[in-house]
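Reading through the structure tokens given below for one structure.
The values are calculated or read from the model by the stated rules, or taken from the named source; none is laboratory data. Being a predicted model, the structure only gives us computed values, none of them experimental. Note that we place each Cβ from the backbone using ideal geometry, even for glycine, and neighbour counts take in every protein chain shown. Remember, those area values only see protein heavy atoms, side chains included, never the ligands or the DNA or RNA. Shrake-Rupley method; radii C 1.70, N 1.55, O 1.52, S 1.80 Å.
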Amino acid sequence: MPTTTVGLVVFVVLLAPGLTYSVYRAASTPVQKPSPLRELGGIALRSVIWDIAALLVFGMVRVLYPANTPDVGRLARDRSAYLRDHFAYVFWWAVALLLFACLAALGAALFASSSAGVQAFAKPPLSWFTPRGGVSGDPAWWVLFNQYPDARVYVGVTLDDGSYLGGWVLSYSPDSDESADRELTLSGPISYRSPTAANAGNLDVGAVAVSARRIQYLTVSYIQPDPNPPQPASGS
């Protein structure tokens with residue numbers, strides 16, 4: 001780790017693109033718990049990729065518009081003098097390149113989280129970068145509830161006492177550790193059947209939370225949206 005203020009600033013700036021990617025992916029994918037070394041290595045690798053991409057873009061702009069970009073040669077030969085005369089100019093170019101790298105990393109995260117990205121990474125050549133041999137490390141709830149992103153998900157839950165709850169998936173714990181401390185919330189109408197009843201009835205509630213430790217098993221139904229919803233009648 002850096003031991004000076006300048007070193008710390010440079011360290012954070014260089015890792016900013018990878019951190020941008022990781023923060024967005026953490027909000028849109030199951031929460032993984034890698035080791036600190038692996039997490040830092042992943043952030044650093046992604047940062048290097050997008051920092052290099054930003055420098056390549058700068059290089060192309062430099063070739064096309066040499067008079068409107070910082071003089072890299074002079075900066076390398078006499079850094080102190082060049083920065084003294086063009087500090088603001090170099091500073092704003094550096095900010096622009098960092099912003100480009102972060103936006104590029106965010107775009108990559110958006111693509112990786114989209115249905116098109118998931119399909120792309122399931123096929124060669126991108127599948128070569130994420131070999132799993134048909135085995136997924138994603139938690140079961142995530143796989144079940146995100147199987148069809150455009151569909152509404154209805155879940156029937158059988159509890160350990162034999163009772164039954166049914167409703168639309170409202171939220172669930174994204175933790176990749178499938179522990180008994182997770183929670184699943186269902187929105188109404190909520191169907192309930194007691195252990196001794198033959199038929200289920202609707203509860204007069206808007207939502208219900210279910211602890212994973214109480215669940216024996218659950219069933220999932222995917223309800224696709226109507227491609228041709230009825231149109232309101234036009235007034236005469």
Problem set entry | Additional length obtainable on full extension of the chain from residue 89 to residue 181, 0.36 nm per residue less Cα span | 27.8 nm
Problem set entry | Exposure of residue 141 as accessible area (Å², to 10), given a probe of 1.4 Å and all protein chains | 20 Å²
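Apply 1/(1 + (r/R0)^6) to the Cβ-Cβ distance of residue 44 and residue 79, taking R0 = 22 Å, and write down the FRET efficiency to the nearest 0.05. Before the final figure, lay out each step's value.
Details: r = 25 Å, r/R0 = 1.14.
Computed FRET efficiency for residue 44 and residue 79: 0.30.
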Seminar exercise, completed: Residue separation between residue 159 and residue 216 times 0.36 nm, minus their alpha-carbon distance, gives in nm 20.0 nm
Seminar exercise, completed: With x for Gly and Pro, the residue-by-residue ³J(HN,Hα) of the range 163-172, computed from phi through the Karplus equation 6.51 cos²θ - 1.76 cosθ + 1.60 at θ = phi - 60° and given in whole Hz, is 6, 9, 10, x, x, 7, 5, 9, 7, 7
For this session: State the extension gain, in nm to one decimal, for the chain segment bounded by residue 116 and residue 143, taking 0.36 nm per residue of separation less the distance between their alpha-carbons.
Result: 8.1 nm
